[in-house]
Amino acid sequence: RNPRDTVVYVVYMKSNGHIYVQRWSANTGTGAVTYQNETAINTNGSTGNESRLRACYDTTNNHLIVMYYAGSTGGWNYRIGTPSGTNNYDLSWSSETLIQSSAYYGACCWEPSTGRVVTIYRNDAGGLDDLFCRAGTVSGSSGSVTITWGTAVTLDGTNNVDGSARLDVAPTYDGRVIYSWTRTGGATYTGAATINSNNSVTYVSSVATLTSNGTTSNVAYNPIEGKGVVTYSDATDSNDGWSRLITLTGGSSSDNIVTLGSPVEFKNSSYERGTLSWNAATGSIWGRYQSNGGTGATWLHMANISGSTLTWTNAGQINGGSDSYGDQSASWNAADNSAANSYGFISIAVQRDGTNYGSLYTANVITTISNMNNQQSYVGFANQAYTLSLIHI
């Protein structure tokens, strides 16, 4: 999401491996979006379900950063689009640049405190299958923007990281990031690291275990409460949806220490393909997921954090059919918390199950919050509190 020019970007891949970026102008009063155009930025991507295509927005320099695996380079790549054209509804693209060869899975985020882009990826070079993190500085003019990367730092060197089970990373808005991943066999973890102004990654935390048999974990951070949330599917409990609070100590002057709260179940059957998004307007983290093995309804709910206690509002269905393959959701404030007074919306892109269509939902979460007597008694997502459009991709 581009909070400066009120544009929503939808990054997706067709079945032929072509990667496209759609541009939708957004009405910050109603949440309505209007299609502008789309551009193919790669014709040799991978159609794998997890961690093959990610995007984040550089709110410091005003660029869209798209990362993906491409067969043409055999690794993890990026292209950067700079708003251009009438009303900045277009994008001028930099050339494709390889971040790491033999890296087939990854994730990225924008860390606004240091003004750095951060990526994590599984590096398969030499058959190692290890998890790494890099931070970079974005510079250059429209059409020729580049990233200067710091040294890659090992997050998990056990030679058994399962990229197809999803990787995720999110900023903490104080110069750190939290991340989550799964090893082959299902052991699922979360951790933290410090991002520095010289593009170094330091104070990598020790492993914090979520479950011995999980998948598709996601992370987000609430800077108001000073805590993160991680969600995951737990195969030791019928693939139910679970979550935990993440508390960090240490940081830039000492080792990061991750303390996990007690496991909190929010979906007691058929949870899959969840995402998390911090929304500055509501001051809360919002979760989105599919039910029925990833091919059912699309649901949205809010994480309530009170001290060391995590609870969830009852999830409400926001789609009008059966969806699948959702990999990211994005608040309109992106990583710019100063947009809190205007952008109480979250955009969610998924595939309509059984068709070749994509679905773009826009949830008006600030209206939902204002209609609550109190957050703990919230029992659904009001029909009038979202807008829905179908993208025929």
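General remarks:
- Scattering curve values for the chain, log₁₀ I(q)/I(0), Debye with Cα scatterers, q = 0.07, 0.13 Å⁻¹: -0.27, -1.05
- Tail beyond 20 Å, pair distance distribution of segment 66-130 (Cα, percent): 40
- Each peptide in 213-219, 143-149, 324-330 was scored by the mean count of other Cβ atoms within 10 Å over its residues; highest first, the order is 213-219, 324-330, 143-149.
- Dipole magnitude of the chain about its Cα centre (Cβ charges: Lys, Arg +1; Asp, Glu -1), debye to nearest 20: 400
- Calculated on the alpha-carbon coordinates, the convex hull of segment 101-220 measures out at 104 cubic angstrom per residue.
- When the Cα convex hull of segment 1-97 is projected onto planes of every orientation, the mean area is 6.4 nm².
- Solvent exposure of segment 118-178 amounts to 31 Å² per residue of accessible area, where only protein heavy atoms count and the probe is 1.4 Å.
- Adding -39500 (n - 2.57) for every DSSP H run of four residues or longer, then dividing by how many residues the chain holds, sets the calculated 222 nm ellipticity at -500 deg cm²/dmol.
- Ile99, Ile366, reordered so the largest accessible area comes first (probe 1.4 Å): Ile366, Ile99
- For Ala220, residues with placed amide H under 5 Å, excluding near neighbours: Val229
- The peptide list 121-134, 160-173, put in order of mean Cβ contacts within 10 Å with the highest first, becomes 160-173, 121-134.
- Of the residues Gly81, Asn256, Pro223, the one whose Cα sits farthest toward the positive end of the charge dipole of the chain, with +1 on the Cβ of Lys and Arg and -1 on the Cβ of Asp and Glu, is Gly81.
- Rounded D (µm²/s) - segment 157-264, Kirkwood Rh over Cα pairs, Stokes-Einstein at 37 °C, 0.692 mPa s: 236
- Computed FRET value (nearest 0.05) for Gln317 with Ser113, which takes r as the C-beta separation and R₀ as 41 Å: 0.70
- Which of Gly17, Ala40, Ile246, positive extreme of dipole for the chain (C-beta unit charges): Ala40
The values are calculated or read from the model by the stated rules, or taken from the named source; none is laboratory data. A quick note: this is a predicted structure, and the numbers were derived from the prediction, not measured. Positions of Cβ are generated from backbone atoms using ideal geometry, with glycine treated the same way; all protein chains shown enter the neighbour counts. These area figures cover heavy atoms from the full protein model, side chains too; ligands, DNA and RNA do not enter into them. Shrake-Rupley method; radii C 1.70, N 1.55, O 1.52, S 1.80 Å.
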